[in-house]
Structure formats: C-alpha cells, structure tokens
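I have placed the structure first, in the form of structure tokens, so that the comments after it can refer back to it.
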Amino acid sequence: NFRDITDKIEAEKRLKESNEKFQSLIQSIDGIFWEADAKTFEFNYVSPQVEEILGYTPDEWLNKDRFWQNNIHPDDRESAIQYCHHETKEGRNHEFEYRFQKADGSYIWVRDVVTVVSEGGKPKKLRGLILNISEEKILQQNLEEAYELSNIGTWELDLINHTLTWSKFVKELHEVAPDFEPDLESAINFYEEGYSREKVTEAVGKAVEDKIPFDLELTVITANGNRKWVRAVGEPKV
C-alpha cells in the first residue's frame, strides 16, 4: 500500500507553525491571556505572564476552585462577577475594571477585556486579556484631585459598555448622593429644560456620531432644585 501523503504532511506542518506563532504572540503581550468555559467560568488556560504580573503560576490558577472569583477584591467581587455573567449571557464582548490580589497579598487594578465565543447561538467559551492598569489609576486619581482643587469635575461616557461615570466633584455639583449612578438620560435631564437641554443633547449627539468635540456654558437644575451655571466640555476618544 503506497500513497501520496504530501498534502497531509504539509497541512500538519502549517498547523504546527500556526500554533507556534500563536503561542509566541500570546507570550509577547504585556498582559495575561486566558480562556474559560462560558457557562461554569472554569479556566482552562492562563498564559505564563500571570507569574510576572501577579506572582502566581498558571498551575496555581488552574488547579484551585474559583481562583479568579476568590481573588477579586471583596469590594469589587460581586459587581465584577455579576457584570461578566450578564454580558456573557447576552453574548456581548465586554471589558471591566476591578482590583485583584497578587500572591504577596497586595492588590493591583486590572482591566479585563473579554471576548465571548458562541456556538449555535449560545456562549461557549470566554477568551480574555487581563491588563495591569494600576499606574493609570494612580494618574487618574492625581488628576481628579487636581481637578477638585480647581473646581473641575470629570465624566466619561463609555459607548461600548453603555455606562456613564461622574467624578466626586460632578456628583457634588449636581447635589446627588455619593453612590448615585448616572446614565445618559438622567445626566441630560439635569440640564434646564429648554435651551440648555436642547444644546447639550445636540452636542452629545454630534460627538457620538461625528466625533465633534463641544465646549458649552449652560444651566443645570440640581437634585435639590438649585439652578447653576456650568461649563460642559466633551471630547470624543476612539
């Protein structure tokens, strides 16, 4: 029995080269690449960078039950897990931030970028990349402190995750509780009905659709009914 298996050998060679390139790419990324079951959230792969960034070996992560869940900071754990479960169930790619415990017991801020892999219309796997954003968080905190000293508040509208965040000063300006969670509709409704609300609605629409920044002086009515003049500045970022 004598057959030509050149195509088979070449295909196996290309597959091997492709896998080697993929592994090389994963190891070159300054973050932790991971893969998990979309239903059970059990991890089946964690890249070697986990040891450099967090101090754990991949085996420690994979062989301990609920390792990811148990090492999220207690103050962030419930919201992070619930958010990831909800977005996964909806089949949406997502990203979120939380604090994670290192092997030495300290915590770092991470951003988790998650891709939902579906089969037959149902989530099958999760693939993600965990990035250390502690330095970014420190810079952000320092910037917010500088803004507060200058009576400047910051806000961010995330068009991917459909979330709006206000800094401490912005919440104080609107006279809302510290745990108030704004959305785009409620934020716009704080602007005084008429000219101010119409202008900010138009400006936000152009910023989202046409990437046009805005700088407006308008009036808002606070949660306590007080009328204030504010300068609202927005800059689209890709």
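The values are calculated or read from the model by the stated rules, or taken from the named source; none is laboratory data. What you see is a predicted model, and the numbers here were worked out from it, not measured in a lab. No Cβ is skipped: glycine too gets one built from the backbone with ideal geometry, and neighbour counts run over all protein chains shown. Heavy atoms of the whole protein, side chains included, go into the accessibility calculation; ligands, DNA and RNA do not. Shrake-Rupley method; radii C 1.70, N 1.55, O 1.52, S 1.80 Å.
Descriptive notes on the structure:
- Number of positions in segment 58-73 that are open to solvent by 70 Å² or more (accessible area, probe 1.4 Å) and within 16 Å of Ile108 (Cα to Cα): 1
- In segment 24-45, residue modelled with the lowest pLDDT [restricted to those that are surrounded by 13 or more Cβ atoms within 10 Å (Cβ to Cβ) and touching a Ser or Thr at 6+ places or on another chain (Cβ under 9 Å)]: Ile26
- Which numbered condition Val230 fails, given (1) part of a strand (DSSP E or B); (2) open to solvent by 90 Å² or more (accessible area, probe 1.4 Å): (2)
- Members of segment 163-198 that are closer than 26 Å to Phe96 by Cα, of a type in the set (A, V, I, L, M) and more than 22 Å from the chain's Cα centre (by Cα): Val176, Ala177, Ile188
- Within segment 192-235, the residues that satisfy the criterion of being in contact with an Asp or Glu (Cβ under 6 Å, 6 or more places away or on another chain) and not basic (Lys, Arg) are Pro213, Thr219, Ile221, Thr222, Ala223, Asn224, Val233.
- Any hit, segment 199-207, residues being over 29 Å from the mean Cα position of the chain (by Cα) and open to solvent by less than 90 Å² (accessible area, probe 1.4 Å): yes
- Condition check for Tyr195 on (1) under 30 Å from Thr88 (Cβ atoms); (2) out of contact with any strand residue (DSSP E or B) (no Cβ under 7 Å at 6 or more places or on another chain); (3) among the aromatic types (Phe, Trp, Tyr): one failure, at (1).
- For segment 185-198, a tally of residues being open to solvent by less than 70 Å² (accessible area, probe 1.4 Å) and under 26 Å from Glu87 (Cβ atoms) returns 3.
- Leading residue by the ranking (farthest from Glu52 (Cα to Cα)) among those in segment 74-91 that are surrounded by 14 or more Cβ atoms within 10 Å (Cβ to Cβ) and charged (D, E, K, R): Glu87
- Qualifying position, being surrounded by fewer than 16 Cβ atoms within 10 Å (Cβ to Cβ) and either charged (D, E, K, R) or closer than 13 Å to Ala80 by Cβ (or both), among Asp104, Asp112: Asp104
- Extreme residue, farthest from the chain's Cα centre (by Cα), among residues of segment 46-57 that are assigned to a helix (DSSP H, G or I) and crowded, with 16+ Cβ neighbours inside 10 Å: Glu51
- Ala223 being open to solvent by 50 Å² or more (accessible area, probe 1.4 Å) and among the small types (Gly, Ala, Ser): yes
The rows are residues; the columns are (1) in contact with a strand residue (DSSP E or B) (Cβ under 9 Å, 6 or more places away or on another chain); (2) closer than 22 Å to Ala38 by Cα; (3) modelled with pLDDT of 95 or more.
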site: Gln69; (1), (2), (3): no, yes, yes
site: Lys89; (1), (2), (3): yes, yes, no
site: Asp104; (1), (2), (3): no, no, yes
site: Tyr107; (1), (2), (3): yes, no, yes
site: Arg111; (1), (2), (3): yes, yes, no
site: Ser118; (1), (2), (3): yes, yes, no
site: Lys122; (1), (2), (3): no, yes, no
site: Leu129; (1), (2), (3): yes, yes, no
